[in-house]
Structure formats: structure tokens, C-alpha cells
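Each reported figure results from applying straightforward, stated rules to the coordinates on display, with no laboratory input. Small disclaimer: the values here were computed from a predicted structure and weren't measured. Using ideal geometry, Cβ is built from the backbone for each residue, glycine included, and neighbour counts are taken over all protein chains shown.
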Amino acid sequence: MRSVPLPATADVVVVGTGIIGASIGYHLTEQGARVAFVDRAEGVAAGATRLSGGMVRAYDPDPGVGGLALAGLERYADPGCWPTGCSPLVEVGSVTIGPRAAAPVFRDSARSLNRVFGPSVSVVADARESMGVGLAGGAALIEERAGYVSPPEVTTEWIRHACGSTASLHLGAHVSGVRGHRAGASLLTSAGTIEAGAVVTAVGGWGTERISGFPPAHGVRTRSIQVAVVRRPAGAGSHATFVDLRTGVYAKPLNGGRSLIGRPHLVWGVPTDPQPPPDPEHTRSTVEALVDHLPWVAEAEVIQEIRSFDGYTEKSDVVEEHQDERLWSVRAWNGTGVKVAPEVGSTVAESVLSRF
Ligand SMILES: Cc1cc2nc3c(=O)[nH]c(=O)nc-3n(C[C@H](O)[C@H](O)[C@H](O)COP(=O)(O)OP(=O)(O)OC[C@H]3O[C@@H](n4cnc5c(N)ncnc54)[C@H](O)[C@@H]3O)c2cc1C
């Protein structure tokens with residue numbers, strides 16, 4: 001995808017070419033808006049999106065995330081929603097594990113999810129394992145039609161398609177400030193100024209604090225996310241994606257007999273650039289915490305350790321409302337950006353254009 005010199009004007013500037021900015025820009029161009037994508041990095045999907053696990057499922061214990069994730073999964077699964085006509089979803093299934101006492105809540109959720117996905121969502125309360133995942137004494141919600149996507153590929157597909165229509169891409173342009181005026185907003189970047197009708201920031205964990213003139217996002221903090229890629233030993237079968245809500249451990253299968261494993265890494269306020277190296281002790285404790293779910297993991301070879309970060313906040317609003325209706329801050333929160341991206345992009349695009 002070609003980055004071109006900054007235009008003098010655009011209907012909407014989208015700052016950030018992660019999965020959230022890409023989805024917003026794509027959906028804006030679907031409505032005919034002239035969009036300029038601007039990012040400080042030299043490539044698209046350079047932030048949290050690049051290294052993301054991309055696990056997608058409809059259920060989430062946070063009802064705000066759950067609604068967006070359900071609509072997001074429907075879009076990921078529907079080939080008609082994709083410019084190439086191919087769904088990016090790898091349907092390996094998803095297992096969400098909780099305490100036994102969560103079984104009635106899971107059953108309620110399964111009933112409503114089955115209204116959308118047909119009879120593909122179920123609950124197990126007394127089994128030892130399901131879809132290759134040990135349940136470690138918990139109850140589980142099983143979503144057969146969930147799985148994972150490749151976040152950089154989805155991001156690239158959205159931006160490529162948008163740039164084939166009414167959008168343009170501007171990389172290596174650091175946004176330092178914005179000035180609202182009667183006719184719109186002036187966006188100041190290291191590559192020049194753009195006059196736009198509206199500016200949408202989707203800068204993830206970077207937050208908008210560093211963009212002068214932009215109302216600061218409320219309390220966005222960076223938090224480390226560290227995962228590892230392991231090679232499954234001979235004879236160990238594949239498994240569904242899963243998360244155990246009791247401990248936060250998760251895993252997803254990868255091709256070539258590999259799996260990605262993770263566990264919350266509670267290191268806050270990490271630098272965005274350069275990022276600290278992976279912590280081998282965290283990988284060791286992740287393996288230990290996963291043995292009850294994937295018994296083979298103790299013998300698995302660790303091939304790669306990956307450390308990145310995301311923006312976290314206690315406030316679960318995707319869109320930060322500003323008094324100035326030309327300025328929008330959008331961010332997914334707390335490690336859920338991929339699940340919600342298709343729905344967030346569609347609804348934000350609609351809201352921005354409705355105020356034009
Ligand atoms: C290891 C890992 C695993 C994950 N697993 C999952 C998962 O399984 N499922 C799930 O749903 N989510 C997952 N997440 C979370 C999800 O990936 C993120 O929430 C999502 O990618 C955030 O996307 P974004 O577009 O908001 O931000 P980013 O991808 O971080 O993009 C922000 C962009 O803004 C640009 N930018 C910042 N400041 C400026 C500026 N001043 N000027 C110009 N450009 C700027 C950056 O260069 C960057 O390209 C995971 C995250 C990580 C790190």
C-alpha cells in the first residue's frame with residue numbers, strides 16, 4: 001500500500017492505522033467520505049494491532065464489550081461484509097471458562113447467542129474437557145462459531161479497500177496538535193497541516209494527551225501484554241481458543257502445530273517506544289498456570305516470547321464525547337480491540353457523518 005504526500009483537505013482525518021482506525025476509515029469511505037489516514041509509523045498496523053492474538057468471541061462478562069463483540073463476530077463471520085468476499089474468521093471455536101456458579105449466567109447467554117448463531121452455543125458444567133481444553137473444575141460457555149482473525153491482515157484489507165476508493169494513506173506523519181475553527185479543524189502533523197471537516201483519533205494506548213488542542217482521553221494507561229508461541233509436542237492435538245475468567249489465562253491454536261499462550265501481565269505505565277523486552281519469568285509462570293487446561297504445555301518448546309501493550313481505562317466508553325463535535329476520540333479498551341473493531345468502525349462512521 002502506497003503512502004502519498006499529505007493532502008491540503010479531507011472530509012475526515014483518521015489518526016492511527018491500527019484495527020480501530022482502519023475500521024472507522026473503511027466504513028466512512030463506504031459512505032463516500034474523503035478520508036485521510038495519518039500515522040506516525042512507517043507501516044500500517046504498527047501498534048498493539050501488529051502483535052495481537054486476534055481472538056474473537058461473542059461472550060464477554062462486560063456487557064458493553066459483549067454487545068459490540070457479538071455484532072463484531074457476526075460481521076467477521078459474514079463473507080458479504082468483506083471487500084474480498086472472504087470472511088477472515090478462522091472458526092476453531094471458543095471456550096470461556098468460569099466458576100461452576102457461573103453456569104446459570106452462561107446458560108442465559110447461550111440462549112440469547114443461539115438466537116443469533118443458531119444452535120452452536122452450549123454450556124458444559126461437569127465435563128473435564130471440551131474442544132481440547134481442560135476445564136479445571138469450572139463451567140464453560142462453548143461458542144463453536146468463534147475463533148480468531150489475523151489483526152494486521154484485517155487492518156490492511158480495510159485500508160487497502162478504502163484507499164482504492166475515496167481514502168488516502170499518509171505514513172510517517174506524527175500528529176502534534178489540532179485547532180478547531182468555524183469551518184472544521186486544522187490538524188498539525190510533522191508532514192504539514194490538513195484542513196478537515198472532522199478529526200477522529202484512534203491512537204490506542206498512546207492516548208490523545210500528547211495531541212495539543214485535543215481534549216485528553218480520560219485516564220488511559222498503558223499496560224503490558226506478554227504472550228508466547230509454543231510448539232505442541234508430538235501427539236498433542238489442537239484446541240479451541242479459550243480464556244479462563246477466574247485466572248485470565250488464555251490460548252489459541254496457530255498453524256504448524258503451534259499455540260499462542262498468555263496470562264495477564266500486570267505491569268502498568270509501560271513505555272510505548274521503545275518497549276521493554278519480554279520477561280522470561282512471566283512466560284514460565286504462564287506455562288505453569290496453563291497446565292490444568294493444556295496438560296501437554298509443560299513439555300512444549302517455547303519458540304517465541306512477544307511483548308507489547310494496549311491502552312487500559314476504567315471508563316468503558318468506546319467514544320469519548322467532546323464538546324467540539326468536529327473532534328472524536330475512539331479507542332477500544334482493555335485488550336478487546338479486535339473483537340469490537342467491525343462494529344465500532346461502523347457505528348462511529350455513522351455518527352461522524354450524521355453530524356456533518
Ligand atoms: C499481544 C496482544 C494480544 C491481544 N489479543 C487480543 C485478542 O485476542 N482479542 C482482542 O479482541 N484484542 C486483543 N488485543 C487487543 C487489541 O489488539 C487492541 O485493543 C487493538 O489492536 C488496539 O487497536 P487500536 O487501533 O486502538 O490501536 P493500535 O493498534 O495501537 O494503533 C494505534 C496507532 O496510532 C498511531 N499513533 C499514536 N499516536 C500517534 C500520533 N500522535 N500521530 C500519528 N499516529 C499516532 C500508532 O503509530 C499506531 O499505529 C491484544 C493486544 C496485544 C498487544
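Using only the Cα atoms of region 94-151, what do you get for the radius of gyration and for Dmax, in Å?
Rg then Dmax for region 94-151, in Å: 11.4, 34.
Which value, in nm² and rounded to one decimal, describes the direction-averaged projected area of the C-alpha convex hull of region 153-213?
Over every viewing direction, the Cα hull of region 153-213 projects on average to 4.9 nm².
Please work out how much length the chain gains when fully extended from Glu288 to Glu30, using 0.36 nm per residue of separation minus the C-alpha to C-alpha distance, in nm with one decimal.
Length difference between fully extended and current span is 88.2 nm.
If exposed trypsin sites (Lys or Arg not before Pro) are those in a DSSP loop with at most 15 other Cβ within 10 Å, what is the longest stretch of the chain that has none?
Answer from the scan: 3-127.
Give the Rg/Rh ratio for region 49-129, taking Rg as the radius of gyration of the Cα atoms and Rh as the Kirkwood radius, to two decimals.
Ratio value, two decimals: 0.99.
What is the sum of charges around Thr241, taking Lys and Arg as +1, Asp and Glu as -1, for the other residues whose C-beta is under 15 Å from the C-beta of Thr241?
Residues near Thr241 contribute +1 overall.
When the chain is fully extended, how far beyond the present Cα-Cα distance does Ser122 get from Leu266, taking 0.36 nm per residue of separation?
48.7 nm
For helix 337-354, what angle does its Cα long axis make with the longest principal axis of the chain, in degrees from 0 to 90 and rounded to 10?
Roughly 30 degrees between the two axes.
Rg and Dmax of region 1-66, using alpha carbons, in Å: what are they?
When restricted to Cα atoms, region 1-66 yields Rg and Dmax of 14.5, 45 Å.
Return a whole-number percent for the relative contact order of the chain, with Cα pairs under 8 Å and 6 or more residues apart as the contact set.
Reported relative contact order: 25 percent.
How big is the shadow of the Cα convex hull of region 205-356, averaged over all directions, in nm²?
The Cα convex hull of region 205-356, projected and averaged over all directions, gives 10.8 nm².
Calculate how steeply helix 151-163 sits against the longest principal axis of the alpha-carbon atoms of the chain, using the helix alpha-carbon long axis, and give the answer as 0 to 90 degrees to the nearest 10.
30 degrees
What Kirkwood Rh does region 73-191 have if only Cα atoms enter the pairwise 1/r average? Answer in Å.
18.0 Å
In Å, what Kirkwood hydrodynamic radius results for the chain from the alpha-carbon pair distances?
Computed over the chain, the radius equals 20.9 Å.
With the contact rule set at Cα under 8 Å and sequence spacing of 6 or more, what percent relative contact order holds for region 147-273?
So the answer I get is 18 percent.
Taking Cα atoms, how many degrees apart are the long axis of helix 63-77 and the longest axis of the chain, rounded to 10 and kept between 0 and 90?
That helix lies at roughly 90 degrees to the long axis.
Compute the distance in nm between two label points, each set 7 Å from the Cα along the Cα-to-Cβ direction, one at Ala183 and one at Asp273.
If labels sit at Ala183 and Asp273, their model points lie 3.1 nm apart.
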